[in-house]
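Q: Encoded as structure tokens, here's the structure I'll be asking about.
The values are calculated or read from the model by the stated rules, or taken from the named source; none is laboratory data. Predicted model only: the values in this text are computed from it and were never measured. Every residue, glycine as well, gets a Cβ built from its backbone with ideal geometry; the counts of neighbours run over all protein chains shown.
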Amino acid sequence: MNKIDVIKAHFRAALRYELNLREPKSYNEKIQWLKLFYQDPLLTRCADKIAVKDHVREKLGRDICIPTLAAYRTVEDFRIEDLPDQFVLKLNSGSGQMLICADKKSFDFDAAHARIATWLEPASNHYFFGHEWAYKNIQPGVIAEQLLGNGEPLRNYKFICFNGEPNCLYTTVQLGGKLYVDFYDFEWNHLPFDLLDYPNSPQPPLRPDKLEEMICISKILAKDFPFVRVDLYCIESRVFFGELTFYPSNGTVSFDPQKADYDLGALLTLPDHAVLLPDENKPPIKVSLDALHELCDLTDHLPPSPHAHVDVEMAHLVDKIERMQKSYSWRLTAPFRFLRRLFYRPPVTLKSAH
């Protein structure tokens with residue numbers, strides 16, 4: 001199976017409808033499009049939990065990042081004696097890979113050592129799970145950060161930003177082993193949709209006193225991206241930066257009701273061209289949507305190469321695109337291909353399972 005087929009299969013299994021990459025309309029479809037066809041190197045820097053801190057300081061002109069205690073590139077670098085009594089460990093290229101030490105005396109160092117060794121294996125990169133491109137070229141590392149708060153559950157404020165503008169937010173908090181989620185507009189009105197399987201908080205969260213500041217921060221950090229989720233904390237009237245997320249839930253967010261998937265999708269305008277990076281040492285190339293749609297009709301789609309730093313197949317694809325866009329015959333027949341895509345739908349062939 002090629003990469004697009006795998007993504008379509010995962011999408012169908014998670015959301016129970018077919019992924020349309022030629023004319024994406026829903027929020028989740030557009031996230032999948034960006035995952036495949038928007039390969040801006042800035043995403044790699046900002047998805048890296050170590051590198052993004054410099055980016056945030058540069059953009060804001062001040063430091064709101066959670067203090068870094070140490071960073072490790074190998075498991076041998078991890079020395080617990082160099083850390084304070086409380087800290088948090090995170091994989092820089094992961095999502096959810098986290099260890100919290102509330103008391104170093106009771107912390108299981110051997111288990112943490114084994115976990116870090118697993119995290120730093122190349123196969124742990126999120127790109128090889130869901131083809132989330134922003135993670136693909138991140139050098140693996142583990143970051144140790146200061147533990148915020150006094151050990152009580154922290155509420156995370158996640159700002160959904162379309163085309164450089166924050167639109168709404170949702171809060172998450174872990175209580176008694178259960179995650180609670182609440183969506184709000186910027187007037188702090190509860191929005192009429194939720195995430196499936198995640199209940200609202202037993203006690204509705206109060207409007208944070210730094211909401212306006214968080215909106216302003218989100219707008220500055222979202223400026224460079226067609227879509228991003230800006231995650232922040234507000235603790236004792238101080239705002240802390242959490243992370244930038246480009247593919248929430250790998251682009252398979254289950255909304256309740258499902259109509260919210262399309263309502264939010266209507267607010268996101270995709271770029272008028274694709275951006276592909278065949279080699280991280282070379283600049284990305286822009287691809288017209290006509291050329292991209294033409295390639296979507298082919299069966300030879302962007303195969304993943306989990307063990308290669310640079311996709312040989314991607315380089316082949318880019319070469320094909322460049323030749324197509326320079327071809328006189330391709331430009332001459334563009335109107336006919338458009339009509340074919342508009343009116344002709346190839347028959348569906350069912351493949352037997354083995």
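Q: Being surrounded by fewer than 15 Cβ atoms within 10 Å (Cβ to Cβ), part of a helix (DSSP H, G or I) and not assigned by TED's automatic domain parsing to the domain that holds Lys136: is that true of Leu42 here? Explain how you work it out, then say what you get.
A: Details: surrounded by fewer than 15 Cβ atoms within 10 Å (Cβ to Cβ): yes; part of a helix (DSSP H, G or I): yes; not assigned by TED's automatic domain parsing to the domain that holds Lys136: yes.
Yes: the conditions hold for Leu42.
Q: If I ask for residues that are at pLDDT 95 or above, of a type in the set (S, T, N, Q) and either in a strand (DSSP E or B) or more than 19 Å from the chain's Cα centre (by Cα) (or both), which ones from the range 161-200 would you list?
A: Within the range 161-200, Asn167, Thr171, Thr172, Asn189, Asn200 qualify.
Q: Let me confirm something: among Phe162, Phe183, which residue is without any contact (Cβ under 8 Å) to a residue 24 or more places away in the chain, surrounded by 20 or more Cβ atoms within 10 Å (Cβ to Cβ) and under 30 Å from Asp256 (Cβ atoms)? It would help to see each step written out before you state the result.
A: Details: Phe162 fails: without any contact (Cβ under 8 Å) to a residue 24 or more places away in the chain.
Residue meeting the stated conditions: Phe183.
Q: Now for a different question. Being touching a residue at least 40 places away in the same chain (Cβ under 8 Å), part of a loop (DSSP other than H, G, I, E, B) and among the polar types (S, T, N, Q) is the filter here; which residues of the range 16-39 pass it? Let's see the steps before the verdict.
A: From the range 16-39, those touching a residue at least 40 places away in the same chain (Cβ under 8 Å) are 21-22, 24-39; that's our starting set.
Then drop every residue that is not part of a loop (DSSP other than H, G, I, E, B), which leaves 21-22, 24-26, 39.
Within the range 16-39, Ser26, Gln39 qualify.
Q: Then there's this: So if I check each of Asp63, Asp54, Asp5, Asp48, which one is buried (at least 19 other Cβ atoms within 10 Å of the Cβ), acidic (Asp, Glu) and out of contact with any His (no Cβ under 6 Å at 6 or more places or on another chain)? Can you show your working first?
A: Working: Asp63 fails: buried (at least 19 other Cβ atoms within 10 Å of the Cβ); Asp54 fails: buried (at least 19 other Cβ atoms within 10 Å of the Cβ); Asp5 fails: buried (at least 19 other Cβ atoms within 10 Å of the Cβ).
None of the others qualify; the one that does is Asp48.
Q: Return the pairs, sorted by first residue and then second, in which the second residue is charged (D, E, K, R) and assigned to a strand (DSSP E or B), the first residue lies in the range 233-255 and is assigned by TED's automatic domain parsing to the domain that holds Glu213, the beta carbons are less than 7 Å apart, and the residues are 6+ apart or on different chains.
A: Partner pairs satisfying both residue conditions: Gly242/Asp231; Glu243/Asp231; Thr245/Arg229; Thr245/Asp231; Pro248/Arg229.
Q: Right, something else. Within the range 206-228, how many residues turn out to be in contact (Cβ under 8 Å) with a residue 24 or more places away in the chain and either touching a Ser or Thr at 6+ places or on another chain (Cβ under 9 Å) or outside any helix (DSSP H, G or I) (or both)?
A: In the first step, residues of the range 206-228 are kept if they are in contact (Cβ under 8 Å) with a residue 24 or more places away in the chain; the result is 208-211, 213-215, 217-228.
Filter once more, so that each one left must be either touching a Ser or Thr at 6+ places or on another chain (Cβ under 9 Å) or outside any helix (DSSP H, G or I) (or both): 208-210, 223-228.
Summing the residues that are in contact (Cβ under 8 Å) with a residue 24 or more places away in the chain and either touching a Ser or Thr at 6+ places or on another chain (Cβ under 9 Å) or outside any helix (DSSP H, G or I) (or both) in the range 206-228 gives 9.
Q: Can you find even one residue in the range 229-236 that is in a helix (DSSP H, G or I) and within 26 Å of Gln32 (Cβ to Cβ)? Steps first, answer last, please.
A: Taking the range 229-236 and keeping what is in a helix (DSSP H, G or I), we get none.
Looking for residues that are in a helix (DSSP H, G or I) and within 26 Å of Gln32 (Cβ to Cβ), one finds none in the range 229-236, hence no.
Q: Could you check the range 256-273 and list, in sequence order, the residues that are more than 13 Å from Lys30 (Cβ to Cβ) and either polar (S, T, N, Q) or under 17 Å from the mean Cα position of the chain (by Cα) (or both)?
A: Gln258
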